Structure formats: C-alpha cells, structure tokens
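Here's the structure, in structure tokens; my notes come after.
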Amino acid sequence: MSPSLENSPSLSAEELHQICFSAHRLGNRARRRYIHALYALHVTGLYAKLGFSSAFHYAESEYGYCQSQTYEDLRAAEALEKLPLTAETFEAGKLCYSALLEIKKIAKPETEAEWLELARKKSVRALKAEVEKKRPSKRPRPPSKRARRPSTGKDPRPLDSLPRGARAPGEGDQESEGRAQGAPWR
C-alpha cells in the first residue's frame, strides 16, 4: 500500500517518488483506455449514436479537446495497435505521452525497440530532433499564389509584412502628409 500524502512532510524522497510514479503509470493507463475508446468511436462511427457528427465533435463537446489534440490521440491509438512493445512500455509508465507522440511518427514494428531505447536515454526534445532527422522529408510547399507588393528598396521586407499603418524605415513625411490631405492608401 502506498503512503498517504497527508503525511507528506514525513515521507522520504523514495516514498514520494513511488507516489509520483504510481500516479504517472495510472495516468498513462487511463489515457490509453481513453484514446482506445475514442478510436473505437471514430472507426465504427458510433459517435453518431451519441448525437455527434464526428469523433472530433464528440471530444470537443464532452472534454473540451481541440481538433488537433483529438487528431493526435487518434493517431496515437492507431500506432499503439500496431506497436505492442510501445503500448506495453507506455502502460508501464516507462514512456511519457510526448515521447509516444514522437515515436508514433516513425516507428515500425521492426524498429520499435530501437526507438524505445532512444526514448529511454534521451529527453523528449532530443528524441523529437532524432525523429525529424530520420523522417522522410515532407513535400516542399508550392510557392504562394498571393501577389506581393514590391519592396520599397529601403527595407528588404515586402510591404505586406509590415504591420498595418507602419512605414518602412526611411519613408519620408511626404506620404503621411499626402494621406492627411485625402490621398488614397497604397
């Protein structure tokens, strides 16, 4: 039986650590159960029987989760179905959710153990950097079709990058005087 927090000043560091770890592991198990059930609602369409138009609508209405959080939860649930060692490690409290979200981006059943070992040794930030290095590069974005106004030559930034009403460095008072006299904005 774990010690009670009511006596926290008299608890040892090890006892407090055990309380923290037990709560962390319990939280991971609860999260796994939640994302698994959410995923089941999503793939079966049973959210409709609850009066919702999607699993995203359900999670937002019932729990206040935004679409991006729900999307991550659904992707994590799907990954845990395919990565049993990751699921076991997560439920045991030996992998945090942030690391799970990184591992799901790249791990395959045959590389799962390597990524879990890396997650054990490195911070989430370092793990994220490793995942980004190893992930296949994303397709380049096509150039913006939005027309940009030409630069004044005085500031290398395009005019539309300046805050509204701001002048590029070196713009004289003639323009502001012209506007004051009713000249249109450019």
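The values are calculated or read from the model by the stated rules, or taken from the named source; none is laboratory data. The shown structure was predicted, so the numbers you read here are calculated from the model rather than taken from an experiment. Note that we place each Cβ from the backbone using ideal geometry, even for glycine, and neighbour counts take in every protein chain shown.
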(message) Which pairs turn up if I take residues in region 57-73 that are exposed (fewer than 12 other Cβ atoms within 10 Å of the Cβ) and look for partners that are not aliphatic (A, V, I, L, M) with beta carbon separation below 7 Å, at least 6 apart in sequence or on another chain?
(response) Cys66/Glu60
(request) Take Thr111 and decide whether it is modelled with pLDDT of 95 or more and among the β-branched types (Val, Ile, Thr). (result) yes
(request) Kindly indicate whether any position in region 27-40 is surrounded by 13 or more Cβ atoms within 10 Å (Cβ to Cβ), of a type outside the set (Gly, Ala, Ser) and without any contact (Cβ under 8 Å) to a residue 24 or more places away in the chain. (result) no
(request) Say whether the condition of being β-branched (Val, Ile, Thr) and under 23 Å from Ala126 (Cβ atoms) is met by at least one residue in region 62-74. (result) no
(request) Looking only at region 48-60, decide whether some residue is in a helix (DSSP H, G or I), modelled with pLDDT of 95 or more and of a type in the set (Asp, Glu). (result) yes
(message) over 30 Å from Glu117 (Cβ atoms) and out of contact with any strand residue (DSSP E or B) (no Cβ under 8 Å at 6 or more places or on another chain): which single residue out of Glu81, Glu62, Glu15 fits that description?
(response) Glu62
